[in-house]
Amino acid sequence: MRHAILGAGGVGGLVGGALARAGADVVLLLRPETLARHPGRLRVESVVLGDFEVDVATAGSLDREVDVLWVTPKATQLESALELAPPEQVGAAVVVPLLNGVDHAALLHARYQHVLAGAISVESERVEPGLVRQRTPFAFAVLAPGPRQAEIAAALRAAGLDVSLAPDEPTLLWEKLVFLAPLALTTTALGAPVGAVQADPEWRSRLERSHDEAVAVGLAAGATLDEAELHRRFAGFSGGEMRTSMQKDFDAGRPLELDAIGGAVVRGGLRYGIETPATEELVRLVEARLAARSSASRA
């Protein structure tokens, strides 16, 4: 299969590198400033996939026929990134988003002919153009029902990634968000890794209450969620020194996916009449840290 990667950061670089190493035809779609600095190779340092280097093609926009377009930028960069893949050029290719949040799904379905919803759970970051580092012992993708699902799942498995199949798109999106939102919000609000949040009774309470709220909103949104199993897995998860992508973005001074992650839960609560006080408090705490940093930078 021929693959284009839109958003060659930590996730896109890892997926693109893994596919290329497995023999797939891969092109990275890059903005001019990144394209000028990219070496035309991907070096991956991964706990799951091992360390390797592989040649990859690069382009400033989608300039060839592909079978799959992987959409992997941050939610804050999605609309500008999509300019590199106009619908008329994407054509009949299957668009597979691996983004955080839920709101991007409607945007992509409206823009492209064929969308196969996806999600990925991995801690991976782009260190510099062409270098991706993945430190934790998990990297697994989930695909919803949709066009060429079996073929795309097989390509990911051949590339070394674990893949599971969700029963439907809402379940896929919310099963990830009910874990991601409370972890991202608490670690960023506290400015500490997951283990520190879990070790502090006050912050662990915030974490658990935010998780409960996200599950309630997900169920109201039509996701098929096993509440008891989700709570068991969440309570048993030990984060240690793991840092969330939102926390890393805050520390690096990059825009945060606060609206896509926390905002999605809050908006869903308003839509379905579900109170989300813990999530709203965490969003306010993150916003306060952002405001304090902005004030300090102006001083």
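The values are calculated or read from the model by the stated rules, or taken from the named source; none is laboratory data. Computed from a prediction, not measured in an experiment: that's the story for all the values here. Cβ atoms come from the backbone with ideal geometry, glycine included; neighbour counts cover every protein chain shown. Keep in mind that these areas ignore ligands, DNA and RNA; they rest on the heavy atoms of the full protein, side chains included. Shrake-Rupley method; radii C 1.70, N 1.55, O 1.52, S 1.80 Å.
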Given +1 on the Cβ of Lys and Arg, -1 on the Cβ of Asp and Glu, and no further charges, what dipole in debye does segment 126-261 carry about its Cα centre, rounded to the nearest 20? 460
Could you tell me what percent of the accessible area of segment 154-299 is made up of carbon and sulfur, with a 1.4 Å probe and every protein chain present? 53
Under DSSP H, which helices of the chain have Cα atoms covering 20 Å or more of the helix axis and a Kyte-Doolittle average no less than -0.5? 169-190, 277-298
Counting only DSSP loop positions in segment 196-299, the chymotrypsin sites (Phe, Trp or Tyr not before Pro) whose Cβ has at most 16 other Cβ atoms within 10 Å are Phe237
At 4 °C and 1.567 mPa s, grab the translational diffusion coefficient of the chain from Stokes-Einstein with a Kirkwood Rh over Cα pairs, rounded to a whole number in µm² per second. 66
Net charge over other residues, Cβ less than 14 angstrom from the Cβ of Leu62 (K, R count +1; D, E count -1): -2
Surrounding charge for Glu280, neighbours by C-beta under 12 angstrom, Lys/Arg +1, Asp/Glu -1, total 0
Are there GluC sites (Glu not before Pro) in segment 261-299 that DSSP marks as loop and that have at most 13 other Cβ atoms within 10 Å, and which are they? Glu275
Selection from Gly50, Ile120, Gly91, by position along the positive dipole direction of segment 41-120 (Cβ): Ile120
Around Pro147, under 14 Å between beta carbons, what's the net of Lys plus Arg minus Asp minus Glu among the other residues? -2
When ligands, DNA and RNA are left out and all protein chains stay put, how many square angstrom of accessible area per residue does segment 65-192 have with a 1.4 Å probe? 37
What number, in percent, do you get for the relative contact order of the chain if the mean sequence gap of Cα pairs under 8 Å and at least 6 apart is divided by its residue count? 16
